[in-house]
Each structure stands twice: as C-alpha cells, then as structure tokens.
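The values are calculated or read from the model by the stated rules, or taken from the named source; none is laboratory data. These numbers come from a predicted model, not from an experiment. Virtual Cβ from ideal backbone geometry, glycine too; neighbours counted across all protein chains shown. Heavy atoms of the whole protein, side chains included, go into the accessibility calculation; ligands, DNA and RNA do not. Shrake-Rupley method; radii C 1.70, N 1.55, O 1.52, S 1.80 Å.
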Amino acid sequence: MTSDQTSPTDTAELRVGVIGLGFAGSTHLEAFSSLPGARVVALAGQEEARLHELGSAYGVERLVADWEDVVAMDDLDVISIGVPNALHHPIAMAALRSGKHVFCEKPLATTGDLAAEMVRAARDADRVLEVAYNHRRRADVAFLADWLADGPIGDVYHARASWMRRAGVPGMGSWFTNKEASGGGPMIDLGSHVLDIALHLLGEPRVTSVSAVAYGVLGAAGRGGRVYGVSSAPTGSAFDVEDFSSALLRLDDGGSLQLQASWASYSKVHEDIEVELLGATGGARLHVDDYATDGTLTLYSDVLGQPAETRPAVHVPAGHHRTVIEGFIASVRSGASAQPGRQSAGGAAPAGGEAQYQGRYGEYALHRSRVVDAIYASAEQGREVEVPQDDVDAGVRTDSEEGVR
C-alpha cells in the first residue's frame with residue numbers, strides 16, 4: 001500500500017473501484033454508493049453509453065473501459081468485481097497482489113483450483129476477500145440462524161435446499177450458457193446460493209462427498225428462456241451447461257444435504273427457493289415462493305404429543321447486497337477476525353507485520369466452489385466423488401480423488 005492510500009482503520013472514506021456494468025456491477029455500485037464509509041471513485045466497463053450513464057448517475061470521477069486500468073490505480077483501497085465468472089480470478093489476483101481488498105460477485109471462480117489461488121493471494125497480501133453470498137443476509141435466514149443457535153430441533157440429520165425455475169435461463173447463447181465463461185449452469189449460479197444458506201444454517205459442516213446428476217435437455221433445445229414457454233433462441237444456440245442438477249451431499253458431522261437447482265423445468269411457474277431442516281426433535285422450513293417477503297418460515301414441533309406448526313412473522317426488506325457490502329466495509333475497517341462459518345486455524349502474516357484479516361480470506365466461499373466442482377465431476381463420471389478439503393495456509397489440497405477440478 002502506497003503512502004497515498006487509505007489505511008483500513010482511517011476514518012477517511014474507503015476509495016472503491018467497481019468493475020462491471022451489468023446487474024452485478026450496477027448493484028455493487030449502488031450499494032457502495034449508498035453506504036457511509038466508502039466512495040466509488042472509479043468505474044470500468046466496455047459499454048461506453050452505459051458506462052457514462054452509470055458514472056453520471058452516481059458521480060463517479062474516473063470512467064475507463066478496461067479493468068486493468070482500475071486495478072492499476074494506486075490510490076484505491078477496494079476493487080469490486082461484478083463481471084462474468086471467468087474474469088473473477090484474473091481481476092482478483094491482480095487486485096490482491098496490488099494490495100487492494102476485493103469484493104467479488106459469486107461464485108469465487110469458475111473452478112475450485114482457481115478459487116484456491118484467490119484465497120491464497122488474499123492470505124499472502126493480508127487483504128479481505130469477500131463474496132456476494134447475499135441471500136444468507138435475508139431477514140428470514142438471519143431469524144432462522146438465531147433461532148437454531150439454541151438447538152430447538154436437536155441434531156439435524158438431513159436437509160434439503162433447492163432453487164427451481166420453470167423458465168429462467170439468464171441469457172440463452174450468452175456467457176451464462178458457455179461453460180468456459182461461467183463454470184456451469186444453475187448449480188453454480190443458483191445452487192451455490194442455497195448451498196451457502198444451508199451450510200450456514202447447519203453450522204458450517206464440511207461436505208465430504210457428493211453423488212450428482214445433471215441434464216441440459218430443455219436449454220439445449222432452445223427452451224427455458226426468460227419468456228415462459230419456447231424462448232427466442234433458436235435450437236442449436238451455444239449451450240454447453242446443465243439446465244437442471246441434483247446432488248446428495250454427505251457431511252462430516254454424519255448428516256446429509258439434498259441440493260437441487262434448475263434454470264428450466266416443467267414445474268410450477270413461480271421461482272421457488274427452499275431450505276428444509278430435519279432434526280431429531282423438530283424441523284424448520286424456509287420457502288420463498290416468487291421472491292416472497294413475508295410468510296416464508298415454518299417451524300415444526302410436537303406440543304403435548306400433537307404435531308404443531310409455528311409461522312414467525314418476519315418481513316424481508318430488500319437490500320441484501322447492501323447488507324453484505326456493509327459487512328465487508330466493516331471488516332476492512334476493523335481488521336476483525338470473525339468470519340461466517342468455520343475457518344482454517346492459521347493465517348500467514350505478511351512480511352514485517354502481524355495479519356490483520358486472518359479468517360477473512362474467502363475460505364468459506366472456496367469450500368462452496370469445491371463442492372460445486374465435485375457435483376459436476378460426479379455427474380460427468382456417474383459415481384460418488386470426494387470433495388477436496390483445502391489446507392489454505394499450507395497451500396495444498398488434502399483430497400484423495402483424482403479428476404475433481
């Protein structure tokens with residue numbers, strides 16, 4: 001960090017460079033701009049008209065086409081990444097090596113190996129690496145996490161998590177449906193969100209192995225676009241990812257998790273997000289139908305020997321991205337070591353100093369990337385596959401399986 005840069009503990013605003021002009025990039029821009037303690041001073045993107053539109057709307061001083069120009073700015077504290085998945089790794093690596101903190105849209109990278117490189121780079125630089133798993137910041141998820149902390153349903157032995165769409169391929173023929181650019185289809189796009197929610201609610205057990213299937217029946221035929229029914233994309237458009245995937249995950253605490261994700265399936269029209277926990281003395285269900293903001297929680301128990309249901313009145317306001325970025329800003333400012341989920345015990349300090357951000361290097365997001373990798377490998381190989389377990393501080397994987405990348 002140069003003498004011109006802001007120290008994370010200074011009271012001055014953190015200077016942020018946002019990369020990306022699409023939904024993710026503009027959402028990051030809006031959130032950073034709305035929060036105290038940070039100011040977006042640079043914005044990068046290839047669409048010139050959109051770049052100037054957003055720059056003018058949010059008062060951004062520097063507008064450039066190439067992300068490299070933003071990363072090279074030596075007076076920035078933070079790089080925010082909201083671009084196609086394949087670009088997460090090169091941008092984050094350059095930003096971390098230049099001493100900047102990184103806020104990255106999910107997934108961390110297109111593969112677990114690339115995600116591991118990012119986590120090691122964050123550790124080596126002692127910079128915060130946070131990922132936009134914003135759905136765990138929903139008010140109903142937060143309520144459920146607090147309620148579960150007292151163990152009201154006993155040991156949870158099985159859970160289900162799903163995000164299902166009738167017709168919702170995000171961009172037929174775009175980078176979303178190209179495996180090299182995206183890393184996969186709905187499992188890496190939607191499934192990683194509900195995987196994150198489920199593992200978060202379960203107390204961060206490690207996934208040890210997976211058995212999965214994946215299909216691309218509708219998308220490959222040009223069906224399943226955002227218009228319900230047959231999309232405008234012609235049959236034969238580039239589509240080399242799945243449109244539906246299902247997996248059974250084994251956990252290191254003896255439990256299991258069933259995970260499903262679809263962009264396209266002949267099912268109910270509404271977007272349907274669900275996480276259900278089955279415990280020894282009770283259960284809980286989060287069901288978000290068509291992005292509902294009320295009535296999403298049901299708690300199951302026995303009262304006087306009779307089945308009982310409780311429906312907590314929890315309203316879910318908008319702004320989950322704002323909440324996760326607010327936490328990211330607080331982390332950068334404080335150097336706090338607390339991290340959602342279970343983290344590796346170590347943490348290398350940079351040369352000449354003690355680590356400020358130990359446990360904030362994106363380790364939990366790396367595990368999600370490893371799980372998604374294993375799901376795709378299992379579906380391709382037609383067998384159960386072990387999930388690599390990273391010792392980030394040693395810089396090595398401890399898996400025994402070949403072919404899980």
> Taking the simple approach of a point 7 Å from Cα along Cα-to-Cβ for both R311 and A72, what is their distance in nm?
Replying inline: 5.8 nm
> In degrees between 0 and 90, to the nearest 10, how far off the longest principal axis of the chain does helix 139-148 point, with axes built from Cα atoms?
Replying inline: 60 degrees
> Applying 1/(1 + (r/R0)^6) with R0 = 25 Å to the Cβ-Cβ distance of V217 and K268, what FRET efficiency is obtained, to the nearest 0.05?
Replying inline: 0.85
> So, with a 1.4 angstrom probe, what is the percent of accessible area on the chain that is carbon and sulfur?
Replying inline: 51 percent
> At a Förster distance of 35 Å, what's the computed FRET efficiency of V303 paired with Q258, Cβ-Cβ distance as r, to 0.05?
Replying inline: 0.80
>> To the nearest 20 Debye, how big is the dipole of the chain about its Cα centre, given +1 on the beta carbon of each Lys and Arg and -1 on that of each Asp and Glu?
In response: 560 debye
> Each label point is 7 Å from the Cα along the Cα-to-Cβ direction; what then is the distance between the points at A238 and A330, in nm?
Replying inline: 4.1 nm
>> Test of understanding: what is the full-extension gain from A12 to D391, defined as 0.36 nm times their sequence separation minus their Cα-Cα distance?
In response: 132.9 nm
> Sorted by accessible area (1.4 Å probe), largest first, how do Y157, Y376 line up?
Replying inline: Y157, Y376
>> What is the sum of charges, Lys and Arg at +1 and Asp and Glu at -1, for the other residues whose Cβ falls under 12 Å from the Cβ of R250?
In response: -3
> Counting only the heavy atoms of the protein chains, how much of R223 is accessible to a 1.4 Å probe, in Å² to the nearest 10?
Replying inline: 80 Å²
>> Taking just the alpha-carbon atoms of the chain, what radius of gyration and Dmax come out, in angstrom?
In response: 21.1, 68
> Which shape class, rounded, prolate or oblate, goes with the stretch 84-189 when its Cα gyration tensor gives a ≥ b ≥ c as root eigenvalues, a/c under 1.5 marks rounded, and past that a/b bigger than b/c marks prolate?
Replying inline: oblate
> For S267, what is the net charge nearby, where nearby means another residue's Cβ is under 14 Å from its Cβ and Lys, Arg count +1, Asp, Glu -1?
Replying inline: -2
>> Run the helix sum for the chain: -39,500 (n - 2.57) per DSSP H stretch of 4+ residues, divided by residue count, reported at 222 nm to the nearest 500 deg cm²/dmol.
In response: -8500 deg cm²/dmol
> Cα to Cα, under 13 Å, and not fewer than 8 places away if on the same chain: which aspartates and glutamates meet these conditions relative to K268?
Replying inline: D289, D290
>> From Cα pairs below 8 angstrom and at least 6 apart in sequence, can you work out the relative contact order of the chain, rounded to a whole percent?
In response: 18 percent
> Which semi-axis lengths, in whole Å and largest first, follow from the square roots of five times the eigenvalues of the Cα gyration tensor of the stretch 167-304?
Replying inline: 31, 18, 11
> Once both labels are modelled 7 Å past Cα along the beta-carbon direction, what's the H158-F23 spacing in nm?
Replying inline: 3.2 nm
> Counting GluC sites (Glu not before Pro) as exposed when in a DSSP loop with at most 11 other beta carbons within 10 Å, what is the longest stretch of the chain free of them?
Replying inline: 62-353
>> Using the Kirkwood formula on the Cα atoms of the stretch 1-135, what hydrodynamic radius do you get, in angstrom to one decimal?
In response: 14.6 Å
> Solvent-accessible area per residue for the chain at a 1.4 Å probe radius, Å²?
Replying inline: 41 Å²
